[in-house]
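Chemist: Structure incoming, see below.
The values are calculated or read from the model by the stated rules, or taken from the named source; none is laboratory data. Just so it is clear, the model here is predicted, and its values are computed rather than measured. Counting neighbours? That spans all protein chains shown, and the Cβs are built from the backbone with ideal geometry, glycine included. What goes into the accessible areas is simple: the full protein's heavy atoms, side chains included, and nothing from ligands, DNA or RNA. Shrake-Rupley method; radii C 1.70, N 1.55, O 1.52, S 1.80 Å.
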Amino acid sequence: NTFTAYQKGQDRLRVAALQQQRMALARDLHDTVARDLGRASREAQKVLDRDPSLTELGDVVHRIHSASSQLR
């Protein structure tokens, strides 16, 4: 009947709106994490360039690059 069809249509609209909201949140989270990883990588690399003896920092830089690659 008409009421049931209307209600099903409204349900589909709600589901679609929730999916769009989740996609927007995921995109925002991805962008934030990617930006923060890039910033951390640049800052750590600057310190490492000034003092190459900080081998542990080199390992951190490598892990940050790995995390960035996995995020992509």
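Chemist: Considering only protein heavy atoms, what per residue accessible area in square angstrom results for the chain with a 1.4 angstrom probe?
Modeler: 84 Å²
Chemist: So, one more: Arrange the peptides 54-60, 4-10, 36-42 so that the one whose residues have, on average, the most other Cβ atoms within 10 Å appears first.
Modeler: So the peptides 54-60, 4-10, 36-42, ranked by packing, come out 36-42, 54-60, 4-10.
Chemist: Further question on the same structure: Towards the positive end of the charge dipole of the stretch 1-70, with charges on Cβ (+1 Lys, Arg; -1 Asp, Glu), say which of 13, 26, 69 has the farthest Cα.
Modeler: Sorting the options by dipole projection puts first 13.
Chemist: Pull out the extension gain between residue 62 and residue 39, defined as 0.36 nm times the separation in residues minus the alpha carbon to alpha carbon distance; nm, one decimal.
Modeler: Difference between extended and current length: 6.9 nm.
Chemist: Ignoring everything except DSSP H segments at least 4 long, calculate the 222 nm mean residue ellipticity for the chain; use -39,500 (n - 2.57) per segment, divide by total residues, nearest 500.
Modeler: Roughly -33500 deg cm²/dmol at 222 nm, from the helical runs in the chain.
Chemist: Order the following by accessible area, largest value first: 61, 47. Probe radius 1.4 Å; ligands, DNA and RNA are ignored.
Modeler: So the residues, ranked largest to smallest area, are 47, 61.
Chemist: I'm spelling it out carefully: the read-out is Rg and Dmax of the Cα atoms in Å, the candidates are [x] 22.3, 76; [y] 11.9, 37; [z] 14.0, 44, and one was derived from this structure. Which label?
Modeler: [x]
Chemist: Here's something else I'd like to know. Please give the length that would be gained between residue 31 and residue 49 if that part of the chain were fully extended, namely 0.36 nm times their separation in residues minus their C-alpha to C-alpha distance (nm, one decimal).
Modeler: Net length gain for the segment: 3.8 nm.
Chemist: Turning to a different aspect of this structure: Quantify, in whole percent, the carbon and sulfur part of the accessible surface of the chain (1.4 Å probe; protein heavy atoms only).
Modeler: Looking at the chain in its full context, I get 57 percent from C and S.
Chemist: Then there is this: With +1 on each Lys and Arg Cβ and -1 on each Asp and Glu Cβ, how big is the dipole of the chain about its Cα centre, in debye rounded to the nearest 20?
Modeler: 480 debye
Chemist: Once phi is turned into θ = phi - 60°, what whole-Hz ³J(HN,Hα) does the Karplus curve with 6.51, -1.76 and 1.60 give for every residue of the stretch 10-23, x standing for Gly and Pro?
Modeler: Running phi through 6.51 cos²θ - 1.76 cosθ + 1.60 with θ = phi - 60° gives 5, 4, 5, 5, 5, 4, 5, 5, 5, 5, 5, 5, 5, 5 Hz.
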